[in-house]
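Down below is the structure, laid out as structure tokens.
The values are calculated or read from the model by the stated rules, or taken from the named source; none is laboratory data. Computed from a prediction, not measured in an experiment: that's the story for all the values here. Reconstructed Cβ throughout: ideal geometry from the backbone, glycine too, with neighbour counts over all protein chains shown. We work out accessible area using only protein heavy atoms, side chains counted, and drop any ligands, DNA or RNA first. Shrake-Rupley method; radii C 1.70, N 1.55, O 1.52, S 1.80 Å.
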Amino acid sequence: CLPAAPRRSAAGMSVVEHVREMASAGLHSNVRLLSGLLLTMSGNNPELFSPSQKYQLLVYHADSLFHDKEYRNAVSKYTMALQQKKALSKTSKVRPSTGNAASTPQSQCLPSEIEVKYKMAECYTMLKQDKDAIAILDGIPSRQRTPKINMMLANLYKKAGQERSSVTSYKEVLRQCPLALDAILGLLSLSVKGAEVASMTINVIQSIPNLDWLSVWIKAYAFVHTGDNTRAINTICSLEKKSLLRDNVDLLGSLADLYFRAGDNKNSILKFEQAQMLDPYLIKGMDVYGYLLAREGRLEDVENLGCRLFNISDQHAEPWVVSGCHSFYSKRYSRALYLGAKAIQLNSNSVQALLLKGAALRNMGRVQEAIIHFREAIRLAPCRLDCYEG
């Protein structure tokens, strides 16, 4: 690691360096105001800033817009920044930055073009424009793709049904970061054999102490993704009983979900309750838990759970689904429909939200619309029997 460069006095810094300092300090609202004013000045007098300074100002301004969740505006500014960078590459003798070690002091301070493209892709995913996100990331040469770029591409390819490309990208993540567990789950969900996935992590498992559980963990989730609930439950139970992984919230949540899929609602509720006691801020899986409570007629518990989840976050599908289940089992179908639609808006892959909306539509006599939602649920979770019930 190189020693930090001595900090220049504020008086000796250029205005663009001040903007960069504020950006790295996380003063986003300040960056937005100042960079906006400076870009206007630059527009009125193109000689005021060098091409590289203008590129920096555009990137920092776009970053501040991204932070304010103004994704369309951020995309337009990132696009302008990339155009500026292209012009800069043609006129400047400085080699274009590729996100690797920069070659000169001038290129060292320039924001990475790769990072700009990644941020643009993030904006596109927030705007639900997945094709545009794939297009921008696809344009980055594979040797320049960082693990987070490969991870995002893998998830986008998977969502778009491009399974082969998704597998390639997940494998690339694991090649660079062999303990990327979510990438492992991604591969298993795309029917890559557990043994093949385990072989990609074997070196790191053997070289680091107390990681011997990982091969069992991979085997367990391989069973999960092949729909072998019994063996998945037994394998996760054997992991959960090991003293070092006892009371792990993720493992308990997986067990609860597996018991639910196997039709053992009593054990499912039990495991959800254990997980919830360990982590009172748990959101994942709480939609299924709320649904099970509602089916048992425990509507007061469902209402309390919904309120608690909304206090944690209203930006996840789960609180909306739980409240929707309360409405559905209280026979307020139009409200359940609204809450289910809101949940789908937040997460289009929420199986529980699709089932809630489908059930509400069915009970309101809108059968054809209900069928569409049940079919989408089956596509996302072909191993879940409750998707077929609808």
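Laid out as a table, the results:
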item: Every residue from the stretch 234-252 that is modelled with pLDDT of 90 or more and either among the small types (Gly, Ala, Ser) or open to solvent by 60 Å² or more (accessible area, probe 1.4 Å) (or both); result: ASN234, SER238, ARG246, ASP247, ASP250
item: Unmet requirement for ASP250, which otherwise passes all of (1) farther than 20 Å from SER350 by Cα; (2) assigned to a helix (DSSP H, G or I); (3) within 22 Å of the chain's Cα centre (by Cα); result: (1)
item: Within the stretch 282-333, helices (runs of 4 or more DSSP H) holding 1 or more residues that are of a type in the set (S, T, N, Q) and open to solvent by 50 Å² or more (accessible area, probe 1.4 Å); result: 299-312
item: Matching residues in the stretch 362-390 - criterion: being touching a residue at least 24 places away in the same chain (Cβ under 8 Å) and under 24 Å from GLN315 (Cα atoms); result: ALA377, LEU380, ALA381
item: Extreme residue, most open to solvent (accessible area, probe 1.4 Å), among residues of the stretch 36-80 that are farther than 19 Å from GLU113 by Cα and among the hydroxyl-bearing types (Ser, Thr, Tyr); result: THR40
item: Per-region count, the stretch 354-390, residues out of contact with any Leu (no Cβ under 8 Å at 6 or more places or on another chain) and of a type in the set (A, V, I, L, M, F, W, C); result: 8
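Results for (1) among the small types (Gly, Ala, Ser); (2) touching a Pro at 6+ places or on another chain (Cβ under 6 Å); (3) touching a residue at least 40 places away in the same chain (Cβ under 8 Å), shown as yes or no for each residue.
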| residue | (1), (2), (3) |
| --- | --- |
| ARG32 | no, no, no |
| GLY36 | yes, no, no |
| PHE49 | no, no, no |
| GLN56 | no, no, yes |
| ARG72 | no, no, yes |
| THR91 | no, no, yes |
